[in-house]
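Novice: Take this structure, written in structure tokens, and hold onto it; I'll ask about it next.
The values are calculated or read from the model by the stated rules, or taken from the named source; none is laboratory data. Please read these numbers as outputs of a predicted model, since none were measured by experiment. Note: ideal-geometry Cβ built from the backbone for every residue, glycine included; neighbour counts use all protein chains shown. Just the protein is used for accessible areas: all its heavy atoms, side chains included, with ligands, DNA and RNA removed. Shrake-Rupley method; radii C 1.70, N 1.55, O 1.52, S 1.80 Å.
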Amino acid sequence: MKSGLYVSVAALALVGSGALAQDLAFPVGEGAFNWASYEEFKAANGGHDGKELTIAGPWLGPDQELVESMLAYFEAATGVDVKYVGSDSFEQQVRIDAEAGSSANISVFPQPGLTADLAKLGFVAPLTDADAAWLRDNYAAGQSWVDLASFPGPDGNPALFGFFYKVDVKSLVWYNPENFEDAGYEVPQTMEELKALTDQMVADGVTPWCIGLGSGGATGWPATDWVEDLMLRTQTPADYDAWVRNDLKFNDPKVVAAIEEFGWFIEDGRVAGGKGAVATTDFRDSPKGLFTSPPQCMMHRQASFIPSFFPEGVKMGVDADFFYFPAYAEKDLGKPVLGAGTLFGITKDSPEARLFIEWLKTPIAHEVWMAKSGFLTPYKGVNVDLYGDATLKKMGEILLGADTFRFDGSDLMPGGVGAGAFWTGMVDFAGGKSAQAVADAIQAAWDGLK
């Protein structure tokens, strides 16, 4: 494998686990990695010298270096020669390669929907019942991951077609700890407490929320995340899944209620600039009100990437922190988490491809990337102390505490809805149109696609 790697494959093959830990480009305490699982995997699966495994995915630049640092361990343990190719047009390229019969052994899909499309056409090989059982037992909210990666094959029968790896969390509320401390506010543990805190802030003359839906041609998408999170907190996971498939219609009272829940948060007095400013405020600018003096708002619900748009000099854990967007205590729906992630699918079957899926079941296959940056995993067997910083560790713990995980719903819907009518409908809702009227229009758009 060509590198860019933090540690050479040749070095890995020659040194023991202690020396290997010392050779890594980040500090690792003695015994911190699950070396026993690595050595066990190596002992059982070595001797594949001369065999090749091709992997295609969306990761380029720093992310490519990070995934290759994990792949180096697989190479060293098995002798398999791994060739990874990244592409900034992966979604198009993977289809082209499949139709041409030139797919990589493993493809890294950024969306379950794309995997489902190719699986139905017979371009993705199903995984095994044992793989599904492993995910149920070893991933937090394990059944969720099996459900998210199970699709009908060419014969119409559902099967597991992907193994999720590298996850993002969206169910987060960001705040400035100093502002909370000065006002005597406590981090809420339930949705009831979050709403009570919102009302308390209004009573204190403080604006609770900063919310912005602006995103150029994609304006409206931040509100879809709100509605998805609120669907998971007001309805069952089965209802959420039915909604994403349109078996539960978009204008069903359950969905209308979730849109109205979002409406509660954007009422005048609860959001910076008033309700009328929500749709015209760029989502990249909206969190900046947390850090003004005096603060323009106290809370901002957004995914794990949003610190990239914080003002320069903001320090995580000092000037900014986050908490889990809580669930209703009274609804007994557990702790759902909304997010996204990538999944590995076998697009050209081989023994080495199957062996790689087994590799993903080892803790160290996750821990190597965890210890660097930009990686979260629901694998319960990892050492969470290996996360590269306190922010990632805290997000990882939220993921491990989830009872249910669901993928961003708009990403699973047809493009004309999830990246079209849903976006524009939420802008219309923020502009004053009723939730029912908005939901009716989105359902009409969905019906028009059939």
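Novice: If you check SER434, SER373, SER410, SER350, which single one turns out to be polar (S, T, N, Q) and within 18 Å of ALA149 (Cα to Cα)?
Specialist: Going through SER434, SER373, SER410, SER350 in turn, the sole match is SER410.
Novice: Taking helices (runs of 4 or more DSSP H) that do not extend beyond the stretch 371-450, which have at least 3 residues that are open to solvent by 30 Å² or more (accessible area, probe 1.4 Å) and touching a residue at least 24 places away in the same chain (Cβ under 8 Å)?
Specialist: Once the helices (runs of 4 or more DSSP H) in the stretch 371-450 are filtered for at least 3 residues that are open to solvent by 30 Å² or more (accessible area, probe 1.4 Å) and touching a residue at least 24 places away in the same chain (Cβ under 8 Å), what remains is 390-400, 422-430, 435-448.
Novice: Answer yes or no: is there a residue in the stretch 318-331 that is under 19 Å from VAL146 (Cα atoms), open to solvent by less than 10 Å² (accessible area, probe 1.4 Å), aromatic (Phe, Trp, Tyr) and outside any loop (DSSP other than H, G, I, E, B).
Specialist: So far as the stretch 318-331 goes, no, none of its residues is under 19 Å from VAL146 (Cα atoms), open to solvent by less than 10 Å² (accessible area, probe 1.4 Å), aromatic (Phe, Trp, Tyr) and outside any loop (DSSP other than H, G, I, E, B).
Novice: Something else now. If a residue must be farther than 30 Å from GLN443 by Cβ, over 28 Å from the mean Cα position of the chain (by Cα) and touching a residue at least 24 places away in the same chain (Cβ under 8 Å), how many such residues does the stretch 254-295 contain?
Specialist: Residues in the stretch 254-295 being farther than 30 Å from GLN443 by Cβ, over 28 Å from the mean Cα position of the chain (by Cα) and touching a residue at least 24 places away in the same chain (Cβ under 8 Å): 2 in total.
Novice: Further question: Could you tell me whether the stretch 158-171 includes any residue that is at positive phi and over 26 Å from the mean Cα position of the chain (by Cα)?
Specialist: Checked the stretch 158-171: no residue is at positive phi and over 26 Å from the mean Cα position of the chain (by Cα).
Novice: Then there's this: Mind listing whichever residues of the stretch 85-101 are surrounded by 11 or more Cβ atoms within 10 Å (Cβ to Cβ), without any contact (Cβ under 8 Å) to a residue 40 or more places away in the chain, farther than 18 Å from VAL67 by Cα and over 21 Å from the mean Cα position of the chain (by Cα)?
Specialist: Answer for the stretch 85-101, where residues must be surrounded by 11 or more Cβ atoms within 10 Å (Cβ to Cβ), without any contact (Cβ under 8 Å) to a residue 40 or more places away in the chain, farther than 18 Å from VAL67 by Cα and over 21 Å from the mean Cα position of the chain (by Cα): GLN93, ARG95, ILE96, GLU99.
Novice: Quick check: is even one residue across the stretch 101-120 farther than 27 Å from VAL146 by Cα, of a type in the set (Lys, Arg) and touching a strand residue (DSSP E or B) at 6+ places or on another chain (Cβ under 7 Å)?
Specialist: No, the conditions are met nowhere in the stretch 101-120.
Novice: Could you list, in sequence order, the residues of the stretch 125-182 that are of a type in the set (Ser, Thr, Tyr) and closer than 16 Å to THR115 by Cβ?
Specialist: Residues satisfying the conditions are SER144, SER150, TYR165.
Novice: Further question on the same structure: Looking only at the stretch 351-370, which residues are in a loop (DSSP other than H, G, I, E, B) and of a type in the set (Val, Ile, Thr)?
Specialist: THR362
Novice: Here is a follow-up. Return only the number of the condition from (1) touching a strand residue (DSSP E or B) at 6+ places or on another chain (Cβ under 8 Å); (2) surrounded by fewer than 20 Cβ atoms within 10 Å (Cβ to Cβ); (3) under 24 Å from ALA257 (Cα atoms) that GLY212 does not satisfy.
Specialist: (2)
Novice: Taking the stretch 103-137, which residues are open to solvent by less than 30 Å² (accessible area, probe 1.4 Å) and in a helix (DSSP H, G or I)?
Specialist: Scanning the stretch 103-137 gives PRO112, GLY113, LEU114, THR115, ALA116, LEU118, ALA119, ASP131, ALA132, LEU135.
Novice: Condition test on LYS254, is it open to solvent by 40 Å² or more (accessible area, probe 1.4 Å), at pLDDT 95 or above, among the basic types (Lys, Arg) and within 29 Å of ALA329 (Cβ to Cβ)?
Specialist: yes
Novice: Something else: Which of the numbered conditions does THR236 fail, given that it passes all the others? Conditions: (1) open to solvent by less than 10 Å² (accessible area, probe 1.4 Å); (2) among the hydroxyl-bearing types (Ser, Thr, Tyr); (3) under 22 Å from ARG406 (Cα atoms).
Specialist: (1)
Novice: Go through the stretch 257-282 and report how many residues are at pLDDT below 95 and of a type in the set (Phe, Trp, Tyr).
Specialist: 0
Novice: All but one of (1) closer than 16 Å to GLY142 by Cβ; (2) modelled with pLDDT of 95 or more; (3) open to solvent by less than 10 Å² (accessible area, probe 1.4 Å) hold for ALA353; which doesn't?
Specialist: Going through the list (1) closer than 16 Å to GLY142 by Cβ; (2) modelled with pLDDT of 95 or more; (3) open to solvent by less than 10 Å² (accessible area, probe 1.4 Å), ALA353 breaks only (1).
Novice: Being open to solvent by less than 20 Å² (accessible area, probe 1.4 Å) and out of contact with any Ser or Thr (no Cβ under 8 Å at 6 or more places or on another chain) is the filter here; which residues of the stretch 261-276 pass it?
Specialist: Hits for the stretch 261-276 are PHE262, GLY263, ILE266, GLY274.
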